[in-house]
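Worksheet: one structure, shown below.
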Amino acid sequence: MSVSTLRIEKTRPHKRHPLTSWLDWNRGGRKGSFESPHVKEFEMDTTTNCSGLRSCSAQCSYLHSRKMGHSMDLPLGDSIAKQLSELNYKRVIFSGGGEPLEPQNIASFTKILEAASSNDLEAALITNGKHMNADLIPSLLSHLMVLRVSVPPFLHGYHHLRTIQGKIREAVRYKNMQGLDAKIIASLLIRPDTPMDEVRENIFALHDIGVDSIRIKPTHIQKNKTDGKHLKAKAYAELLDFIRALNITNVVISKIDQLLVDPNYQYEYCYYNDFNPFSIGADGLVYACCEHKYKPAFLRGNLNNESAQEVLRRTNSHPFSIRKGCFVGCKGHLANVALSKLAEAYQEQEAGIFSNPEYQQIADEALVYLVRTNSKS
Ligand code: SF4
Ligand code: SF4
């Protein structure tokens, strides 16, 4: 390369990265509201009820909420769907502080799902699958973009997949028969002590059933309080290597596994919430975090008496501090690691950081981590 070419390349203005508008807004004191052009999805619970599975009830991450008895009614669900659709949101994830398909909640859930669909929102449902049945499956699959069934590991003598595999099979059969677009995903939860034989058996069973993908999700990711290293990272690495070696094409390992190989992160704020500001409880309240819904410390707004636009404005006015209780396996961590590095560097160098390929890469990764769900995961 000649010297003159080098000079031209050095002075060429670099392309504006899609995250620059957020970086400018954050550096400029977060005045006015920031509306992410990149992430347009929100999470909404319709119930906090769950009768519990034997395999997970003792360690349920929603223990604090799942007996609260909240149930969202149709007028509120419909109004939220309408408002967020008008704010250009494209996707809703029904998940929860409980189980969306609990029998006492199914009638209102299916109506809210229809309301989301008629407001042009793509919908994803995360369910334990226990209450799916042939009567329910058609109405679910005709309105869902993603049906994600969680399969917890064998624990306390209870094998969840054996209990529900007929239901997943029925969903796959119906989807194929009707030629529907909905993706059926099985989310296989693994712990560091889950036996390899069990994992293999479950993967082959789900593969035979014909689900669109089998998502492997490590759970119980914990850090050692003294040195900050992940506990059982080696056991996880071996298990994930074993799964990769099975070489099944539709097996996808959740990006959360990357938390296990990068324990040395530190940051002060949850910037993830700037891009995912609507984690809505079945009580109609908005929380700053999907892991900590229903905890007053995380409350950001109330859709029973405020508009979504009002909540959005207030949510954006300051970054949310990382709390002691922030769950180490949370999906936002990977985004926060990347965003906090960018925000810090941008404070000093502004857009100059993007002439450094390292920051380009960090920013590109942040965009991937910001999206919670897609048709593959
Ligand atoms: S299915 Fe979900 S909400 Fe219900 S007990 Fe298990 S982890 Fe908790
Ligand atoms: S748990 Fe995750 S999403 Fe929630 S506040 Fe903490 S870092 Fe943010």
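Nothing in this text is a laboratory measurement; each read-out follows from the coordinates by a stated rule. From a predicted model like this one, the values you see are computed outputs, not experimental measurements. Backbone-built Cβ (ideal geometry, glycine too); neighbour counts: all protein chains shown.
Worth pointing out:
- Overall, the chain carries a charge dipole of about 460 debye about its Cα centre when +1 sits on the Cβ of Lys and Arg and -1 on the Cβ of Asp and Glu, all other atoms neutral.
- The chain: most fluctuating residue of L136, L189, L299 per GNM, C-alpha cutoff 10 Å: L136
- The chain, relative contact order in percent, only Cα pairs under 8 angstrom and at least six apart counted: 19 percent
- For the stretch 47-59, backbone phi angles converted through the Karplus equation (6.51, -1.76, 1.60; θ = phi - 60°) give residue-by-residue couplings of 7, 10, 8, 8, 6, x, 9, 4, 6, 10, 4, 6, 10 Hz, Gly and Pro being listed as x.
- Mean ellipticity per residue at 222 nm, deg cm²/dmol - from DSSP H runs of n ≥ 4 across the chain, formula -39500 (n - 2.57): -11500 deg cm²/dmol
- In a fully extended conformation the segment linking Y267 and E310 would gain 12.7 nm over its present Cα-Cα distance, using 0.36 nm per residue.
- For a straight C-alpha distance cut-off of 14 angstrom, the aspartates and glutamates reachable from K175 (same-chain residues fewer than eight places away being disregarded) are D135, D212.
- Residue of N176, N49, N305 that the Gaussian network model of the chain assigns the largest fluctuation, springs spanning Cα pairs under 10 Å: N305
- Antiparallel bridges, percent of DSSP beta bridges restricted to the chain (to nearest 5): 25 percent
- Taking the centroid of alpha carbons for each part, the stretch 19-60 and the stretch 111-133 are 18 Å apart.
- Whole-Hz Karplus values for the stretch 276-291 come out as 10, x, 10, 10, 9, x, 5, 8, x, 8, 9, 10, 7, 7, 6, 6 Hz, taken residue by residue from phi with 6.51 cos²θ - 1.76 cosθ + 1.60 and θ = phi - 60°; glycine and proline positions read x.
- Antiparallel DSSP beta bridges within the stretch 76-179, as percent of all bridges there, nearest 5: 10 percent
- Cα shape, the stretch 20-370, gyration tensor, a/c 1.5 rule: oblate
- 26 Å Cα-Cα threshold exceeded, pairs from K255/K293; K232/K293; K167/K293; K111/K255; K67/K232: K232/K293; K167/K293; K111/K255; K67/K232
- GNM top mover of Y89, Y271, Y158 - the chain, alpha-carbon springs below 10 Å: Y158
- Among N356, L188, G52 the positive-end extreme of the charge dipole of the chain (Cβ point charges): N356
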